[in-house]
Amino acid sequence: MQRANLYHDKRAQWGAYLVFFGILAVIPLFMDDPFTMNQYARYGVFGILALSVSLVWGYGGILSLGQGIAFGMAAYGMGATMQMQYQDPVNDPIPSFMLTNELETLPVVWEPFWHTHYGLLLAIGIPVLFFIIFGILMFQARLAGAFVAIMTLAMLGAWYSMAYDMQPYTAGFNGISPPSAFVAFGVEVDPYSNLIYWVSLGVLCGLTLAIKALLQTKFGTIIQAIRDDPERARFLGYNVAYYQTVLFALGGLVAALAGIVWVMISQYVSPTELDIFFSITIVIWAAVGGRMSLFGAVFGAIFIQAAESYVGDEFQATWFIILGVVFIVVVRFLPKGFAGLFETAVGIIPFWTKGSSRTSTNAPSAGE
Amino acid sequence: MSVILELKDVTKAYDAFKVVDGFNFKVNQGELRCLLGPNGAGKTTTIDLITGRQKSTSGTIIFDGRAITSLREDKIAKRGVGRKFQVPAVFKELTVRDNLRVALNKNTDPFANMFRFGRKEGRERLQEVVELAGLQDRLDELGGNLSHGETQWLEIGMVLTQDPKLLLMDEPTAGMTEQETQKTSEIFNRLKGKHTLVVVEHDMAFVREIADVITLMHLGKTLAEGPMEEVENDPKVKEVYLGSEGITDAA
Ligand SMILES: Nc1ncnc2c1ncn2[C@@H]1O[C@H](COP(=O)(O)OP(=O)(O)O)[C@@H](O)[C@H]1O
Ligand SMILES: [Mg+2]
């Protein structure tokens, strides 16, 4: 038997997930307040975005400040889908914002959104495809670190301007506000209901578990190896650019799913989804919560956003300063974020395992 | 005996300065070759050229019957070339066990590896390597927490796990204790025959233990090649090392 940290025990980790999501799932049964449920559903989306950064940056070492690209693209796709669910092919085939922008026919790019399934497919597929192409361009050229950060940020800025400028297609600054809630399989997903909360939590939970499982595979170990030393990985026969592109696209997929759920909740999409500061905030959530911990990143997102809404009313103007200070303090004193603190705390609990054939083949840092 | 690695007139130039200068080099299957030479002779650069880390200015590199001259690093590695870096390189934030698991590279496709948990994969092989490298008790330790000697061993272990046809070892015993060096020479002696090794070394006692044939590099060229005694007594070698005690001292 040898002393170990319960934090690194795989069974304890899965157990903790079960308890965490279990408790979250029953909250509506005790609350039953539609406005709170809408608010909590939004936290779910923030959690999903933080997951995407944890996966790509925490585990893969790719500092993407452009997660908002996939989030925003998917949000526009979902906005268009919901808008067209409302339109009528015969009597009212063109969204009203297009009419005010003097369009006489529905633009071709909007046609597929008549069909909900095509709309969803495009809303998810296009950002993923874009991330694949963008990833190939960056990683074939062996860009890393700050260069990737700057490239993704610049690209995000470009998409923001596009959404802003292409007014007839995107409603520009005003954004698209589909008049009715999303309907799937005949069920209306009311943004002010327990259902919307469960949808958001369900996606968050599903993605957390899926990524957790992915990190247990050899792929998960290899991306962490590449994060540590891409050159070493290359000489072991791994096509580093290929792995990074796949990982980057997976991160894009996760952020795109967040975008879909976001528009179900807010029934509104505008260039704010592509705002540069928002994407940087996502990275801050993950850094503060612990980028090398899925749980930590999700917690960081919820914690910071809850703090903003709590503190925000009084300190709205200074909130960014507070956030900046928290970020600097955490990066300086807690490189593993809150999760690192939690790891140390759990380590105090007496816990033993059998020799070195213990819990898992994963690194302690690759833990929860 | 068949030739597994051949460098034909390979040159690597930085501006006018030729670090490797029309270098010709042949290694037979199953051989253990020592590559010697003073600092700056171009030994590490030669390994970089073979493994694709640097591109040669001119010349051809043939491995296992095919030219690998302008291939990408990972493709050369997949053909069966493994290397140990002069400055030991392991994955610092992965455990020793995971370092070795990553080195197990039978399948390098990302999608295939998403469905591979690898608990059983290559278990005997890992067991063997771990014992050889003496890392049994360090499996759960992070790569970054190992001592210098252990890091050297881990990297050698990774190259062995990779199971390449050709192993390129750049100063594998640097920083090792005498005992560790002794153990390394035992392992290398065991590996030759089945594998082909090219070892860059400075420790002459070690070279004597392991080498059949040595190649002495000087200013990017072969100065002498042959068995140890022959090279040592070569007048050209004596000339280059004039004033010193011979290659033992210079290397
Ligand atoms: N990027 C570079 N630019 C210019 N010269 C270089 C560069 N890299 C290596 N060199 C030179 O190449 C020579 C050979 O280096 P190296 O192959 O590391 O020698 P060795 O391993 O035999 O000690 C050295 O003189 C070194 O200064
Ligand atoms: Mg060298």
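The values are calculated or read from the model by the stated rules, or taken from the named source; none is laboratory data. Just so you know, these numbers come straight off a predicted model, no measurement behind them. With ideal geometry, Cβ positions are generated from the backbone for all residues, glycine too; neighbour counts draw on all protein chains shown. Remember, those area values only see protein heavy atoms, side chains included, never the ligands or the DNA or RNA. Shrake-Rupley method; radii C 1.70, N 1.55, O 1.52, S 1.80 Å.
Of all the numbered requirements in (1) more than 16 Å from ligand 2 (Cβ to nearest atom); (2) open to solvent by 20 Å² or more (accessible area, probe 1.4 Å), residue B:54 misses one, and that requirement is (1). Inspect all residues belonging to the stretch B:139-146 and state whether any of them is open to solvent by less than 50 Å² (accessible area, probe 1.4 Å), more than 10 Å from chain A (Cβ to nearest Cβ) and touching a residue at least 24 places away in the same chain (Cβ under 8 Å). Yes - at least one qualifying residue is present in the stretch B:139-146.
From the set of residues in the stretch A:231-243 that are open to solvent by less than 30 Å² (accessible area, probe 1.4 Å) and of a type outside the set (D, E, K, R), which is farthest from the other protein chains (Cβ to nearest Cβ)? By that ranking, first place goes to A:241. Only one of the numbered conditions (1) within 16 Å of ligand 1 (Cβ to nearest atom); (2) open to solvent by 60 Å² or more (accessible area, probe 1.4 Å) is not met by residue B:127, and that is (1). For the stretch B:14-35, which residues satisfy the criterion of being open to solvent by less than 30 Å² (accessible area, probe 1.4 Å) and near ligand 1 (Cβ under 9 Å from one of its atoms)? Once the filter is applied, which keeps residues that are open to solvent by less than 30 Å² (accessible area, probe 1.4 Å) and near ligand 1 (Cβ under 9 Å from one of its atoms), the stretch B:14-35 yields B:19, B:20, B:35.
Name every residue in the stretch B:159-189 that is open to solvent by less than 30 Å² (accessible area, probe 1.4 Å) and at positive phi, in order of residue number.
The answer is B:171, and nothing else.
Could you list, in sequence order, all residues of the stretch A:25-64 that are of a type in the set (Val, Ile, Thr) and free of Cβ contacts under 8 Å to residues at least 24 places away in the same chain?
Going through the stretch A:25-64, the residues of a type in the set (Val, Ile, Thr) turn out to be A:26-27, A:36, A:45, A:48, A:53, A:56, A:62.
Of everything in the stretch A:25-64, those that are of a type in the set (Val, Ile, Thr) and free of Cβ contacts under 8 Å to residues at least 24 places away in the same chain turn out to be A:26, A:36.
Across the stretch B:151-181, the number of residues qualifying as under 22 Å from residue B:44 (Cα atoms) and assigned to a helix (DSSP H, G or I) comes to 12.
Every condition in (1) away from ligand 2 (no atom under 16 Å from the Cβ); (2) modelled with pLDDT under 90; (3) not aliphatic (A, V, I, L, M) holds for residue B:202 except the one numbered (1).
If you go through the stretch B:161-171 one residue at a time, do you hit one that is within 16 Å of ligand 1 (Cβ to nearest atom) and more than 14 Å from chain A (Cβ to nearest Cβ)? Looking for residues that are within 16 Å of ligand 1 (Cβ to nearest atom) and more than 14 Å from chain A (Cβ to nearest Cβ), one finds at least one in the stretch B:161-171, hence yes. When residues in the stretch B:78-122 are screened for being over 17 Å from residue A:238 (Cα atoms), facing chain A (nearest Cβ under 7 Å) and not in a loop (DSSP other than H, G, I, E, B), 2 of them pass.
Checked against (1) in contact with a strand residue (DSSP E or B) (Cβ under 9 Å, 6 or more places away or on another chain); (2) open to solvent by 10 Å² or more (accessible area, probe 1.4 Å); (3) closer than 30 Å to residue B:167 by Cα, residue A:228 meets all criteria but (1).
Reported count of residues in the stretch A:98-146, each being surrounded by 13 or more Cβ atoms within 10 Å (Cβ to Cβ), of a type in the set (A, V, I, L, M, F, W, C) and either within 18 Å of residue A:183 (Cα to Cα) or over 26 Å from the mean Cα position of the chain (by Cα) (or both), is 10.
For the stretch B:87-105, does any single residue satisfy the condition of being within 16 Å of ligand 2 (Cβ to nearest atom) and surrounded by 17 or more Cβ atoms within 10 Å (Cβ to Cβ)? The answer is yes, given that some residue of the stretch B:87-105 is within 16 Å of ligand 2 (Cβ to nearest atom) and surrounded by 17 or more Cβ atoms within 10 Å (Cβ to Cβ). Taking (1) within 16 Å of ligand 1 (Cβ to nearest atom); (2) surrounded by fewer than 16 Cβ atoms within 10 Å (Cβ to Cβ) in turn, residue B:44 satisfies each apart from (2). Restricting attention to the stretch A:79-117, the residues being under 11 Å from residue A:171 (Cβ atoms) and aromatic (Phe, Trp, Tyr) number 1.
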